[in-house]
Amino acid sequence: MTPTISRRALLKGGSASLLALPLVRAHAADAQFNFKYAHNAPVSHPLHIHADKACAQIREQTGGKVAIEVFPNNQLGGDTDMLSQLRSGAIQFQTLSPLILSNLVPSASMSGLGFVFSNYDQVWTAMDGDLGAYVRAQIAKTGLVAMEKIYDNGFRQITTSNRPIRTAEDVRGLKIRVPVSPLWTSLFKALGAAPAGINWAEAYLAMQSKVVDAQENALGIVSIAKLWEVQKYCSETNHVWDGIWFLANGKAWQSMPANLQEVCARNFNEQALAQRVTNRRLNESLASELQAKGMVFNKPDLPSFTAALRRAGFYQEWKQKYGSEGWALLEKHVGSLA
């Protein structure tokens with residue numbers, strides 16, 4: 001069941017959350033398994049709210065045997081730093097965008113190809129089905145364990161400080177912050193932009209100091225990070241759907257007996273389903289609020305973007321990189337791309 005969370009509570013935090021202390025469960029020293037879970041979201045974000053609830057439920061349902069200490073808001077470093085810590089075992093759990101994970105597991109980024117998914121029905125049918133299973137199997141080969149249900153970050157929009165984006169031509173030459181991901185860099189280069197891979201912890205400063213003029217993200221992130229302070233326009237491109245994999249260090253996961261693994265997986269997956277509902281409601285409610293804060297919204301000509309990507313050979317290039325098996329699973333859900 002989705003917890004009742006007010007919009008004010010979801011959007012609260014901002015800079016204050018930067019000072020948040022790790023959320024430590026009482027009497028963790030008494031637990032049989034003491035784990036660390038780290039992520040990049042503020043404490044007001046639906047990801048944190050639901051994942052933190054899962055950790056609390058796991059502690060309760062295991063009778064205190066599993067205690068998971070939560071480190072939100074990049075407290076343990078940027079996404080790539082935390083991924084290195086996860087692989088080494090310094091932390092045991094991390095939630096991470098498939099686009100960042102693709103630096104380690106290339107097929108993870110298939111779900112984030114530009115202008116592929118047109119609605120949530122397509123997303124969940126694919127990611128809760130054979131495409132998600134295929135990606136999880138590739139993740140397992142790296143020594144990590146991905147939970148069955150992926151969390152939702154939402155469809156991403158382009159925000160800019162200098163001009164609205166009405167057609168693909170408006171992206172040409174745009175200095176835009178993108179996550180440190182080969183796919184995102186490739187996507188915006190194919191559109192003629194000048195993408196800069198910057199970890200989220202440094203993104204606001206990059207926009208404030210005009211290192212970049214634009215960024216792209218779901219509206220929930222735009223609001224929580226107060227990007228209206230440094231961005232004027234929001235163009236509703238829905239160019240990428242972005243999820244969040246809940247990952248575990250394989251050795252830490254296998255150190256637990258099967259019954260404790262089941263409790264952990266069940267709670268992480270149940271809260272993923274609840275988080276999807278909360279996150280979608282949040283994103284859908286925010287346009288009017290961001291407009292009231294001064295952001296100017298517009299709806300671009302989306303076919304101009306897919307046409308530009310096909311002309312640039314973007315889809316054909318990534319089809320070759322992903323291989324025929326993964327690509328066939330993707331096209332099964334979204335139709336022919338290349």
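Values in this text are rule-based calculations from the coordinates and carry no lab data. A quick note: this is a predicted structure, and the numbers were derived from the prediction, not measured. When we count neighbours, we look across all protein chains shown, and the Cβ atoms used for this are built from the backbone with ideal geometry, even at glycine.
Please compute the net charge surrounding residue 40, taking Lys and Arg as +1 and Asp and Glu as -1 over other residues with Cβ under 12 Å from its Cβ.
My count for the surroundings of residue 40 gives -3.
Of 134, 49, 92, which is farthest towards the positive pole of the chain's charge dipole, taken about the Cα centre with +1 and -1 on the beta-carbons of Lys, Arg and Asp, Glu respectively? After comparing all options, I get 49. Helix 130-140 and the longest principal axis of the C-alpha atoms of the chain enclose an angle of approximately 60°.
For region 146-156, backbone phi angles converted through the Karplus equation (6.51, -1.76, 1.60; θ = phi - 60°) give residue-by-residue couplings of 9, 5, 5, 9, 8, 7, 10, 9, x, 6, 9 Hz, Gly and Pro being listed as x. Among 116, 240, 211, the ranking by other beta carbons within 10 Å of each residue's beta carbon, starting with the fewest, stands as 211, 116, 240. Convex hull volume per residue, computed on the Cα atoms of region 285-337, equals 130 Å³. Between residue 197 and 178, the built amide H atoms are under 5 Å apart, and every one of these is 5 or more places off in sequence or on another chain.
Distance between the 7 Å Cα→Cβ label points at residue 236 and residue 277: 2.4 nm. When the Gaussian network model of the chain links Cα atoms closer than 10 Å, the mean-square fluctuations of 238, 267, 119 top out at 119. Note on residue 270 and residue 301: the extension gain reaches 7.5 nm, defined as 0.36 nm multiplied by sequence separation minus the Cα-Cα distance. Once each of the trypsin sites (Lys or Arg not before Pro) sitting in a DSSP loop with at most 16 other beta-carbon atoms within 10 Å is removed, the chain keeps 13-140 as its longest stretch. Segment residue 167..residue 320, full-extension length gain: 52.3 nm, with 0.36 nm per residue of separation and the alpha-carbon distance subtracted.
For residue 226, the lysines whose Cα falls under 19 Å of its own Cα, not counting residues fewer than eight places away in the same chain, are 12, 210, 293.
In nm², what is the average projected area of the convex hull enclosing the Cα atoms of region 37-164?
9.6
Where the alpha-carbon atoms of region 147-254 are placed on the principal axes, they occupy 50, 28, 22 Å, in descending order.
For the residues 67, 258, 218, a GNM of the chain with alpha-carbon springs under 10 Å puts the largest fluctuation on 258.
Please state the relative contact order of the chain as a whole percent: Cα pairs under 8 Å, 6+ residues apart?
Contact order relative to length: 24 percent.
Helix-only arithmetic for the chain: the sum of -39500 (n - 2.57) across DSSP H runs with n ≥ 4, divided by the residue total, places the mean residue ellipticity at 222 nm at -12500 deg cm²/dmol.
Applying the Karplus relation 6.51 cos²θ - 1.76 cosθ + 1.60 with θ = phi - 60° to region 111-125 yields 3J(HN,Hα) values of 5, x, 4, x, 6, 9, 7, 9, 7, 5, 4, 4, 4, 6, 4 Hz, where x marks Gly and Pro.
Computed about the Cα centre, the dipole magnitude for the chain is approximately 400 debye when only Lys and Arg (+1) and Asp and Glu (-1) carry charge, each at its Cβ.
How many percent of all Cα-Cα pairs in region 7-334 sit more than 34 Å apart?
Value for region 7-334 (Cα pairs over 34 Å): 21 percent.
Cross-link partners of residue 251 among lysines, defined as those whose alpha carbon lies under 25 angstrom from its own and excluding same-chain residues fewer than eight positions apart: 36, 53, 65, 141, 149. The slack in the chain from residue 259 to residue 202, taken as 0.36 nm per residue of separation less the alpha-carbon distance, amounts to 16.5 nm. Karplus-based coupling profile of region 288-298, in residue order and whole Hz: 5, 5, 5, 4, 5, 8, x, 6, 9, 9, 8, with θ = phi - 60° in 6.51 cos²θ - 1.76 cosθ + 1.60 and x standing for Gly or Pro.
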